Amino acid sequence: MVPLLLVLLLILLLFGVGFAVKALWWIAVIVLVLWLIGFVARPKGGSARWYRW
């Protein structure tokens with residue numbers, strides 16, 4: 001019974017990690033798209049930056 005619970009726990013852990021990594025990839029893609037839009041749509045004029053860092 002204990003080995004079965006350990007295997008199920010391992011499967012659940014790996015599934016959770018895989019889901020978290022996939023979610024982080026989607027967040028990274030969204031941030032990249034927003035950054036590119038901001039880079040293209042920035043005000044025309046020398047050193048004007050649309051972000052604060």
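Got a number for residues in region 22-53 being modelled with pLDDT under 80 and β-branched (Val, Ile, Thr)?
Adding up the residues that qualify gives 1.
Going through region 1-21 one residue at a time, which ones are modelled with pLDDT under 85 and of a type outside the set (A, V, I, L, M)?
Selection gives PHE15, GLY16, GLY18, PHE19.
For region 1-34, name all the residues that are of a type outside the set (A, V, I, L, M) and open to solvent by less than 100 Å² (accessible area, probe 1.4 Å).
PRO3, GLY16, GLY18
The values are calculated or read from the model by the stated rules, or taken from the named source; none is laboratory data. All values reported here derive from a predicted model rather than from experimental measurement. Just so you know, the surface numbers come from the protein's heavy atoms only, side chains and all, with ligands and any DNA or RNA stripped out. Shrake-Rupley method; radii C 1.70, N 1.55, O 1.52, S 1.80 Å.
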